[in-house]
Amino acid sequence: MDTVREENVLEVQKLVMTFGGLMALSNLNFQVKKGSIKAIIGPNGAGKTTLFNIITGSFPPTEGTVKFKDRSIQHLKAHKIADRGISRTFQTVELFGNMTVLENVMLGCHTRVRTSFMASGFVLPQSRRKEKRIRESALKILKFIGLTDKFKDSADSLPLGEQKLLEIGRALASEPELICLDEPAAGLNETETHVASSLIKAINAKGITVLLVEHDMKVVMNISDEIVVLNYGQKIAEGPPEDIRNNSRVIEAYLGAEA
Amino acid sequence: MEKITLASQLLQYLITGLTVGSVYAMVAVGFNIIYNVTEIINFAQGEFVMLGGLIMVFFHVAMGLSLILAFPATVILVTLVGMLLDRLAIRPIRQPSVLTLIIATIAASIIIKGAAMFIWGKDPYDLPAFSGRNPITFLGAVIQPQYLWVIGFLVFVVIALSIFFDRTIIGKAMSACADNADAASLVGINVKQMILLSFALSAGIGAVAGITMTPISLMEYDRGVMLAIKGFGAAILGGLGSFPGAILGGLIIGSIESFGAGLISSGYKDAFALLVLMAVLFFKPSGIFGDIEISKIKRF
Amino acid sequence: MLRITKLPITIFALFIIFFPWIARQIPAIDHYTDIMVFAGIYCLITIGLSLLMGYAGQISLGHAAFYGIGAYVSAILTVRYGLNPWACMCIGVAVTAAVALLVGAPSLKLKGHYLAMATLAFGIIIFIIFNEEIEWTGGPDGMAGIPGLSIFGFELDSVEKYFYLVWGFVLAAFVFTVNVIQSGTGRALRAIHASEPAASAMGVDVSRFKIMIFVYSAVLASLAGSLYAHYLNFVNPSTFDLFFSIKLLIMIALGGMHNIWGAVIGAGLITFLSYEWLHYFEEFDVIVYGAILLLVTIFLPQGLAGVPGIVKDWFRS
């Protein structure tokens, strides 16, 4: 058995989520292979964002388990999950608007480098060294996402396309093993979408596993290794892009939703 | 003999508690009216009650207006204060956040309190009871006729409000704002007017509470804060936004306070209600009705 | 906006150092040194509160209670048990921190209105305890005979000596707080303020940070309380009533809660208003305070510390 290469970073098992009688996810199972790009698609209200929120610890599932590197994480709070190595972006951009571009990325380093309250209050040399290290690695990330020139601007002042990039950069700063991107191309024009997809590929090339929710089928088909299709909280198909493209149930779900 | 006195003593505490609780319930209903339309907790809610009592003293005692005239005059005047509060303190805020709205209503409450001290001084004022002070004895407990007036007015307020919200167009429009302000404004409801109306209504109910309680417990300029926080406790206990909850919460808080003062310590009388408030906030901030879907019992 | 440079701090420190000397030269203001002691004591509280409210976005209407706990622990332990005042100050801090942790842990899960009401209720309960536990606190009459402070046998027995002690504390707290703001901790706090979900998704333990800041601000208030008790040699409950918590709020709002300098400016101005400039209004000064609070909230949401920014924008356009 070729277990080393086929290792799963994330395993979702029998996941159920109900909101006051409403079934948002029912008995969902899938895995994400280490180093792959996996996309989750489905019509509106299929449960994609709910799934993301459960994986990243916004709320616990009603039933089922989420395993990250073979340890269950579904009971952990969001910040603990971030510590374990899962990072995320939000569908509606959630930047720290009152902070600069650089500070946003620096905050992303929070999981890796921490200074205690006392140490920072007394400006101990160790806290200064840490601050310098955070700054350097944040600048590196800004270079990677192409926002070096704007490091001093406030995050609010960026156009949406750059805000989305910055959010990805902030997520990268925690050096995650798995990055969850919630609609990275939503609201972007064609050029911006192109930039975003090549950035996602570049992230993946660094060895980071990517899980993404996306509506833009071009992006999904282009960059994903595997796709999971959800409809009404259920998995209706899973496989590589070419299989999904021709899957009759998927076509039905989408046409049904659009009609 | 001993047992009978204890039983009548307990009954006495209960009756007092329910009376005080009716006042808290009215304050809580006032909180809910504003909260439902605006999601603002009006920290000046207690000042309406204080103003109700003192303005009534002015009309009825100082000016000698009859009860029938002084009562509505007081309610109207306090209602105007409520509307002014919205126009002068709430609406001008350009970037309303929870923090700034809290601060604005706190500011308004100390201005009202200061103005009341300026007008009436620091002494407590008495008001003649509506139908005399000959107590009724009931199973060894003493009931002041005014107690019945307080409880009666709570019932009246409850019935009037439920008719208002269920049967009148304006009431229904207010309910719509409470459910979804954006949608309400889309169907042509003037949300700003509804907010103004909510402050007016809530001030009016506060005035009724103040007028009816003053013959029992007197009234002075600085009573507002305590009334507000206990009324808030009642609102929270019953689930913020729920009217039946507010009434039940008020009666429970009033009773706890009355029994606590009678059986444990009168010095800590005010602390009991606050402890209940903190306990509810810490352990069940959705209130005792929290498990039931709030929306179902939100209105009458 | 958030970079706090060394120059203003140095100028401010020099101002404090020379203040008593300047006040002595001008008879009309020679009692200002005494008022500045109180300003310093309040400043110690507002520095912590500004961090809590402005940077972490949490409202507290109960800080008078922590101030009172510090003062009463110092008063009771020195008067009734004859302990060393400095030891009492430390015990006061420990007690306050424990109480703040106990109240803060559940309170800070609450948001907005609920948190305001929970801290308000807490403050009133503590106030009632100060009044009712007469055996310990002396009840409404308060406690007299609290000893003054001395450092290694050097008695801080004059207003000026105490002035330097209090402002030494303030300066230390100010610098410490500024360092915190400019570190990763401050960044995490601002992140919490901007978006709690995003902050926690980036690994920030939101409730831990909130509690930490709440306890820190309570500890500063407790220190201020001890300093107050040893300065006046007397405490009574009315100092620690609800209105004091509101006054703290007014200080922060007037100075500007998004800037630590606002805490200093607000505390200074309100102290001088209440001890000196509002005498004419007697008890009706509450109306003035209410008006200040309302006007600032409506017209100057950034407080006085935001004025330079407004002026700058005005010139640019």
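None of the figures in this text is laboratory data; all of them are computed from the coordinates on show. Keep in mind it's a predicted model, so treat the numbers as computed, not measured. All Cβ positions, even for glycine, are placed from backbone atoms using ideal geometry, and neighbour counts span all protein chains on display.
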Counting other beta carbons within 10 Å of each residue's own, what order do A:Cys180, C:Cys43, C:Cys90 fall into, fewest first?
C:Cys90, A:Cys180, C:Cys43
With angles folded into 0 to 90 degrees, how steeply does helix B:2-38 sit against the dominant principal axis of chain B? Use alpha carbons for both and round to 10.
10
Per-peptide average of other Cβ atoms within 10 Å, ordering C:152-160, A:32-40 highest first:
A:32-40, C:152-160
Excluding residues on the same chain fewer than 8 positions from C:Lys109, give the aspartates and glutamates whose Cα lies under 16 Å from its Cα.
C:Glu196, C:Asp205
Using a 10 Å cut-off around each Cβ of peptide B:272-283, what is the average number of partner chain Cβ atoms that fall inside?
5
Give me a single rounded figure for C:204-210: the average over its residues of other chain Cβ atoms within 10 Å of their Cβ.
3
Within the set of other residues whose C-beta is less than 10 Å from the C-beta of C:Ala188, count the net charge using Lys and Arg as +1 and Asp and Glu as -1.
+3
On a straight-distance basis, which aspartates and glutamates could pair with A:Lys235 in a cross-link, Cα separation under 20 angstrom, same-chain partners fewer than 8 positions away excluded?
A:Glu11, A:Glu63, A:Asp182, A:Glu183, A:Glu214, A:Asp216, A:Asp225, A:Glu226, A:Asp243, A:Glu252, A:Glu258
For peptide C:125-135, compute the average count of partner chain beta-carbon atoms within 10 Å of each residue's beta-carbon.
3
With angles folded into 0 to 90 degrees, how steeply does helix B:243-259 sit against the dominant principal axis of chain B? Use alpha carbons for both and round to 10.
30
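Based on the mean of other beta carbon atoms within 10 Å per residue, what is the order of C:250-259, A:93-102, most packed first?
Result, highest mean Cβ count within 10 Å first: C:250-259, A:93-102.
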Once amide H atoms are built 1.01 Å from N in the peptide plane, which residues 5 or more positions from A:Phe90, or in another chain, come under 5 Å H to H?
A:Asp182
Fraction of beta bridges assigned by DSSP in the protein assembly as shown that are antiparallel (%, nearest 5)
65
Kindly express, to the nearest 10 degrees and within the range 0 to 90, the angle between helix A:190-205's C-alpha long axis and the longest C-alpha principal axis of chain A.
80
Segment B:108-164 to segment A:21-96: how many Å between their Cα centroids?
56
Lysines whose Cα lies under 18 Å from that of A:Lys140, excluding same-chain neighbours fewer than 8 positions away
A:Lys130, A:Lys132, A:Lys150, A:Lys152, A:Lys164, A:Lys201, A:Lys206
Using only Cα atoms, locate the centre of segment C:16-82 and the centre of segment C:256-312, then give the distance between them in Å, rounded to an integer.
17
Which order do the peptides C:211-220, C:301-310 come out in when sorted by mean C-beta neighbours inside 10 angstrom, highest first?
C:211-220, C:301-310
For segment B:144-300, what number of Lys pairs, 8 or more residues apart or on separate chains, have alpha-carbon atoms under 25 Å from each other?
11
May I ask for the longest run of chain C untouched by trypsin sites (Lys or Arg not before Pro) that are loop-located per DSSP and have at most 15 neighbouring C-beta atoms (other than their own) within 10 Å?
C:112-317
At the level of C-alpha centres, the distance separating segment C:190-233 and segment B:30-44, in angstrom, is 28
